[in-house]
Structure formats: C-alpha cells, structure tokens
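**Student:** Next up is a structure, given as structure tokens.
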Amino acid sequence: MVPGPDEAAAALPDAVFAALAPGAVWIDMTSNAPAAARELRERAGAHGVDVLEAPMGGSPDDAAHGRLRLFVGSSAEVLDRCRPLLEAVATSDRIRHMGGPGTGYTTKLLINLLWFGQATATAEALLLGRRAGIDLAALRDTLADSAAGSDFIRRDLPTLFAGDYLRSYGLDRIHDQLKVITGEARDLGTPHEMADTVLRIHRLALERFGPVDGELLAVALLEEAAGTLLRP
C-alpha cells in the first residue's frame, strides 16, 4: 500500500517480481490507476506472479480494528487463496469481489468521485440555505432525514461544522484520483459532465491551497467564494 500510481511503479521494478517465487501473489492496496497498474500486472505475469488488487476504504480506526472495506479485482481463485490474509484487516462481508483486473481500482475511484461530489454539492446547498436565512443545524437535520440524505451529511458534516477539513490526505492526491476516473469515463465513452465539474473544483482548490492535506478543502474554497463559513 503506497500513496499512488507513481510510487507503486517505483516500488516494483522487474527485480522485485523476479525475486518472488512462481505462484506468489502481489496484493496491491493502493488507490492505483487502472492503466498504470495494467503494465505492472503484465510484468508480474511474465514472472509467474499472480496479482490481486484490493484498494481499501476506511479510517485509521477501521484499520486498527479490522474493519476496512476492500474492493477486490482478481480471479475468484486468487481471491480464495488470499482471503485468509485479507480477513486480518477486513471482515468477510467487507471484502467485495468486484470482478476481474481493474475493477477494484475503478470501484475505489468511483466511491471517491461520489464522496467528493457529495461534499461539494452539499456545501453549495448549505451555503445557499444559510444565505436564504435557514438555520444550518436545522437544515442539516432536515436534509439528513430526507430523500437527499447521505452518509456525508449524517456522518461527516459535524466534522466540517467543527472547522475540521479532514487533513488526513493530500489535496494533490485527491485531484489526481479524480483526474484518473474522469479520464476513464472519457476513454470508455460514458458521460462525465458531473465528474468534470468535481475535478475542476478540486483543481481550483489545489491552485488556491497547494498540495496540502485536506479532504474538504474544496469546501473551504466554496466557503471563501461565498464569504461564509459553514459553522452553526
């Protein structure tokens, strides 16, 4: 598990795969780019090394208590071989087999796209609601119980309201991941107007704040534009 595609490629020269026994498994828990990982998978296969991708979702507390979520892309046979090891960090119901190679990475990137999209859309709605005279706490509770409710509203808004922009992950990494999944949509010929917007907002946040930690710094950018902090 390393920060991203560049680090994964740097950590796995041919010498590493050559040193592994035939039939060994390389397990990649990085939020990797499917295209970048494809080259590594081909080089691993040339040395008789199997590959299982299992990018993770969850917090440090989830990791400490074996509650991570793993999004697996591999053959069913390789997953069966590795399952006892994976169950050291995730319960069996949190190990999701998404399909063949590339599907685990794509799943993790889609989750990130939707979460960051929900964060920015929610921030825009809250800023508008506050400007229109609605109490923020009342609006949050009402949205949480409505058809527009989401885990972001129910679980993460209290953190934002406390002034915490979740400084546990780099804004540059977030931007890179959003760029990868938007490029995937473009390559596969699916609509990506919303993804483009989420990417653009995070690119502007990166230009404004730099490559610092903060998963919700795009929200800080919107607050700055509105001249209002989202604090009850």
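The values are calculated or read from the model by the stated rules, or taken from the named source; none is laboratory data. Keep in mind that what you see is a predicted model, and the values were worked out from it rather than measured. Methodologically, a virtual Cβ is constructed for each residue, glycine included, from the backbone with ideal geometry; neighbour enumeration extends over all protein chains shown. Just so you know, the surface numbers come from the protein's heavy atoms only, side chains and all, with ligands and any DNA or RNA stripped out. Shrake-Rupley method; radii C 1.70, N 1.55, O 1.52, S 1.80 Å.
**Student:** Does the range 9-28 contain any residue that is at pLDDT below 95, small (Gly, Ala, Ser), in a loop (DSSP other than H, G, I, E, B) and touching a Pro at 6+ places or on another chain (Cβ under 9 Å)?
**Tutor:** no
**Student:** Oh, and also: Please find, among Leu70, Leu85, Leu79, the residue that is assigned to a strand (DSSP E or B) and either crowded, with 20+ Cβ neighbours inside 10 Å or more than 19 Å from the chain's Cα centre (by Cα) (or both).
**Tutor:** Leu70
**Student:** Considering only the range 42-66, state which residues are open to solvent by less than 20 Å² (accessible area, probe 1.4 Å) and of a type outside the set (A, V, I, L, M, F, W, C).
**Tutor:** Residues satisfying the conditions are Glu53, Pro55, Gly57, Gly66.
**Student:** Sticking with this structure for a sec: Tally the residues that are in contact (Cβ under 8 Å) with a residue 40 or more places away in the chain, open to solvent by less than 40 Å² (accessible area, probe 1.4 Å) and either of a type in the set (Ser, Thr, Tyr) or in a helix (DSSP H, G or I) (or both), restricting the search to the range 160-181.
**Tutor:** 8
**Student:** For the range 62-106: of the residues being in contact (Cβ under 8 Å) with a residue 40 or more places away in the chain and in contact with an Asp or Glu (Cβ under 6 Å, 6 or more places away or on another chain), which is nearest to Ala37 (Cα to Cα)?
**Tutor:** Tyr105
**Student:** Of the residues in the range 184-205, how many are open to solvent by less than 40 Å² (accessible area, probe 1.4 Å), within 24 Å of Ala37 (Cβ to Cβ) and either assigned to a loop (DSSP other than H, G, I, E, B) or touching a residue at least 12 places away in the same chain (Cβ under 8 Å) (or both)?
**Tutor:** Qualifying residue count, the range 184-205: 4.
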